[in-house]
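Note sheet for the following structure.
The values are calculated or read from the model by the stated rules, or taken from the named source; none is laboratory data. The structure displayed is predicted, hence computed values, not measured ones. Neighbour counts are summed over all protein chains in view; Cβ atoms, including those assigned to glycine, are modelled from backbone coordinates with ideal geometry. Ligands, DNA and RNA are stripped out before the accessible areas are found, and what is left, the full protein with its side chains, is counted by its heavy atoms. Shrake-Rupley method; radii C 1.70, N 1.55, O 1.52, S 1.80 Å.
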Amino acid sequence: MNNRQLFLTYQAQTTHFPMMLEIERAEGCFLIDINGNRYLDLISGISVNHLGHGNEEVKAAIIDQLNLHQHVMVYGEFVQSKPALLAKKLTSLLPENLNSVYFLNSGAEATDVAMKLAKRVSQRSEIIACKNAYHGSTHAALSLNSDEYYKQAFRPLLPDINFINFNSINDLNLITTKTACVFTEVIQGEAGYIPANQDFFLALRKRCDDTGTLLVFDEIQSGMGKTGKMFAFEHYGIKPDILLLGKALGAGMPIGAVVCSREKMILFADQPLLGHISTFGGHPVVASAALAGIQVLEKNNWLSQVDAKEHLFRTLLVHPAIKSISGKGLMLAVELDSFENNLKVIQECLKEGLITDWFLFANTKIRIAPPLTITESEIEQACNIILSALNLVYGSSV
Ligand code: PLP
């Protein structure tokens, strides 16, 4: 059997129509398949490869740590330099109240841990999430998903979860003294890159303060510079009680993280002892990559270029078939009229060497989330391919 057959026969499938690109290597903003075809990457492995593929400093950091040791003990028992340094570095970039980090292996796990922590801290059980949010796919994280289509086959899910509309100030009165925490993304990802409104976030922060409810920002997708600031919440002048990170934090390696105050986090050590445990959380090789990733981001001026790159995409992507472009920075979503046409455009783009995608809850939108390292000429190349695909799919019908 060749690799394609092995993949289809032995590896779990999540759709009946996988993309089936057979990638051999990746460099910068390009993926290269086994036949040498190059694909410009507009999705970054779904918001992971913000430094571009194959960053040399990240690779060196991984090898350095591999040469010392890999896994030696379950999370939180032995002192290992890379996770400790990473926690220090991360908290130095955050407001004072976010000074303790629990490292995990994935975003969904971070969501789960934050749900447990909020219950433990507040001694309340109700959790509120926003409609059309995505916080992961495990049982707990799925419970925060408002879309019945994704939940119905897996009930019963967690009880005491309620939903508010994202950006609806009216809905905030559903947050009460019974609410342990409110989960929200800062830019809703799978809803098709919808940024929070400033007024909504200010009112949300106030309502949480008034009711003693913890505010959890899920920046698993929006963190690490994609909006031009290291964390998207910095655009709003408010801070969360708990911050979730993942995806790009690992600089290409699997990671999740919950960040909050030390006084809250320490409750995991008490009643019960071992309130959350993880074998691989804070893996030293992953932590080494993540630490190097942050250093690379800080050393280069990619964050300061994000606005200009957003502007270039928005300027070039003008076509009668485009209904809107939402999002911020290098998290942009181009809205078309139907899923059917969107799929055709995505397939045409792929034929021309451009990888893009749709969104879980916004299947009429094209995802534009390239590495932050994308150059002006690569943006021009990407936009030309998208515009040609739109011409081909829509012809003279628009
Ligand atoms: N939260 C957000 C905002 C996400 O976009 C995702 C993944 O897409 C997750 C959580 C879940 O992360 P993971 O797939 O690493 O479990």
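Could you check the range 152-179 and list, in sequence order, the residues that are loosely packed, with under 14 Cβ neighbours inside 10 Å and within 16 Å of the ligand (Cβ to nearest atom)?
Matches in the range 152-179: Phe154 only.
Going by the structure shown, is Leu86 surrounded by 15 or more Cβ atoms within 10 Å (Cβ to Cβ) and not in a strand (DSSP E or B)?
Considered against the rule, which asks whether it is surrounded by 15 or more Cβ atoms within 10 Å (Cβ to Cβ) and not in a strand (DSSP E or B), Leu86 comes out as yes.
Do the conditions hold for Ala114, that is, is it within 16 Å of the ligand (Cβ to nearest atom) and under 20 Å from the mean Cα position of the chain (by Cα)?
Numbers: within 16 Å of the ligand (Cβ to nearest atom): yes; under 20 Å from the mean Cα position of the chain (by Cα): yes.
Criteria met by Ala114.
Here are the criteria: (1) open to solvent by 30 Å² or more (accessible area, probe 1.4 Å); (2) among the polar types (S, T, N, Q); (3) assigned to a loop (DSSP other than H, G, I, E, B). Tell me which single one Asn145 does not satisfy.
Among (1) open to solvent by 30 Å² or more (accessible area, probe 1.4 Å); (2) among the polar types (S, T, N, Q); (3) assigned to a loop (DSSP other than H, G, I, E, B), Asn145 violates only (1).
Within the range 117-149, restricting attention to residues that are more than 21 Å from the chain's Cα centre (by Cα) and farther than 23 Å from Phe200 by Cβ, which residue is nearest to the ligand (Cβ to nearest atom)?
Of everything passing the filter in the range 117-149, Tyr149 is nearest to the ligand (Cβ to nearest atom).
Can you tell me how many residues within the range 87-112 are touching a residue at least 40 places away in the same chain (Cβ under 8 Å) and more than 21 Å from Ala269 (Cα to Cα)?
Of the residues in that region, 8 qualify.
Within the range 317-348, track down each residue that is polar (S, T, N, Q) and either crowded, with 16+ Cβ neighbours inside 10 Å or assigned to a strand (DSSP E or B) (or both). Lay out the reasoning, then the answer.
The first filter runs over the range 317-348 and keeps only residues polar (S, T, N, Q), leaving 324, 326, 338, 341-342, 347.
Hits for the range 317-348 are Ser324, Ser326, Asn341, Asn342.
Go through the residues of the range 35-52 one by one and say whether even a single one is farther than 26 Å from Asp241 by Cα, of a type outside the set (Gly, Ala, Ser), part of a loop (DSSP other than H, G, I, E, B) and open to solvent by 50 Å² or more (accessible area, probe 1.4 Å).
yes
Name the residue, out of Lys206, Lys229, that is under 18 Å from the mean Cα position of the chain (by Cα) and either β-branched (Val, Ile, Thr) or not in a strand (DSSP E or B) (or both).
None of the others qualify; the one that does is Lys229.
Would you be able to say whether some residue in the range 229-238 is under 18 Å from Ser261 (Cβ atoms), touching a residue at least 40 places away in the same chain (Cβ under 8 Å), in contact with a helix residue (DSSP H, G or I) (Cβ under 9 Å, 6 or more places away or on another chain) and near the ligand (Cβ under 10 Å from one of its atoms)?
Scanning the range 229-238 turns up no residue that is under 18 Å from Ser261 (Cβ atoms), touching a residue at least 40 places away in the same chain (Cβ under 8 Å), in contact with a helix residue (DSSP H, G or I) (Cβ under 9 Å, 6 or more places away or on another chain) and near the ligand (Cβ under 10 Å from one of its atoms).
Can you name the condition, by its number, that Gly293 falls short on among (1) open to solvent by 20 Å² or more (accessible area, probe 1.4 Å); (2) in a helix (DSSP H, G or I); (3) in the same structural domain as Thr91 (by TED's automatic domain parsing)?
(1)
Can you give me the number of residues within the range 164-203 that are part of a strand (DSSP E or B) and under 13 Å from Tyr134 (Cβ atoms)?
Of the residues in that region, 6 qualify.
Taking the range 94-111 only, how many residues are open to solvent by 10 Å² or more (accessible area, probe 1.4 Å), within 10 Å of the ligand (Cβ to nearest atom) and not small (Gly, Ala, Ser)? Outline the logic, then answer.
Step one: list which residues in the range 94-111 are open to solvent by 10 Å² or more (accessible area, probe 1.4 Å), which gives 94-97, 99-102, 105-109.
Narrowing further to those that are within 10 Å of the ligand (Cβ to nearest atom): 105-109.
Those still in the list that are not small (Gly, Ala, Ser) too: 105, 109.
Residues that pass the stated criteria total 2.
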